[in-house]
Amino acid sequence: MEEVNINEKIGAFLKSATARCTVKDFSAAIEDLKAAEVLDRENPVVLYNLGICYTRTGLHRTAFEYFEKLVKLPASFVDILTVRKLAAYCLIQINEFRGALFHLETGLKLNPHDVIALNMKGYCQEKLGLLPDAKQTYGVILSIEPSNPTACNSLAYVIAKTGGDLNQALLLSKRAVEARRENPAYLDTLGYIQLLKGNRESAKNFLKKAYTRFPDSEEIKAHLRELLHLDHENK
């Protein structure tokens, strides 16, 4: 009888937390979920929702700790690959790319064709300077989804940064921009590749569009400075 009563209380807290999340009151939802956690510290639904709420409030370290608790449970009704992707996302937000890569590679053993996990893996490999590995990962994605815009853009940029075939990079970059014409990262990549190919007017067009959409990007600003430097040298 006592166990039934506890489950009813947990259910009530979860229902309240769900309602609060619906109106984006994540702090109040966390209070409900923490109360439920006191009653059952290994309840996977409670732990999962705490991780989600802490992610939504930007407390990525705390969110990761809850997702990590989930993957350590002996059994769970929660999709572990999804949990590992969420754990990796939180670690990426705090620049812990090696830990994120571990969770992604472990999760991908459950489904090697999960494109979201593969894109995250490639991103982590880029950040860790593992560019040949990143190229291979993006290639795997494109073998699954040939027009995946994230993989097209990322592979194009890695090819350009490593002195690869700029014509191939240009084709991939154009494919990404055609799919997401307003994406500043994709516009930046296309502008940067045009810059490397010596097409300065085209580069200026795309880099300005990228900057207009994301003026705080240090990478876009660096590419614009490189363009301005070349313009100055050729006057």
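Numbers below:
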read-out: Count of segment 48-64 residues which are in contact with a helix residue (DSSP H, G or I) (Cβ under 7 Å, 6 or more places away or on another chain), of a type outside the set (D, E, K, R) and in contact (Cβ under 8 Å) with a residue 24 or more places away in the chain; value: 10
read-out: Selection from segment 100-143 of residues that are touching a residue at least 12 places away in the same chain (Cβ under 8 Å) and either acidic (Asp, Glu) or not assigned by the TED database to the domain that holds His60 (or both); value: Glu105, Asp114, Glu126
read-out: Glu37 of a type outside the set (A, V, I, L, M, F, W, C), in the same structural domain as Gly107 (by the TED database), closer than 20 Å to Ala100 by Cβ and assigned to a helix (DSSP H, G or I); value: no
read-out: Where Leu187 falls short, out of the listed (1) assigned by the TED database to the domain that holds Glu105; (2) within 16 Å of Leu207 (Cβ to Cβ); value: (1)
read-out: Scan of segment 1-27 for residues that are under 23 Å from Glu68 (Cα atoms) and crowded, with 16+ Cβ neighbours inside 10 Å, ordered by number; value: Ile10, Phe13, Leu14, Ala17, Cys21, Phe26
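Conditions (1) surrounded by fewer than 19 Cβ atoms within 10 Å (Cβ to Cβ); (2) of a type in the set (Phe, Trp, Tyr); (3) in a helix (DSSP H, G or I); (4) more than 23 Å from the chain's Cα centre (by Cα), marked per residue:
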position: Gln168; (1), (2), (3), (4): yes, no, yes, yes
position: Leu172; (1), (2), (3), (4): no, no, yes, no
position: Ala176; (1), (2), (3), (4): no, no, yes, no
position: Gln194; (1), (2), (3), (4): no, no, yes, yes
position: Glu201; (1), (2), (3), (4): yes, no, yes, yes
position: Ala210; (1), (2), (3), (4): no, no, yes, no
position: Asp216; (1), (2), (3), (4): yes, no, no, no
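The values are calculated or read from the model by the stated rules, or taken from the named source; none is laboratory data. Just so we're clear, the structure is a prediction, and the values are computed from it rather than from any experiment. Here the Cβ is made from the backbone with ideal geometry for all residues, glycine too, and neighbour counts use every protein chain on show.
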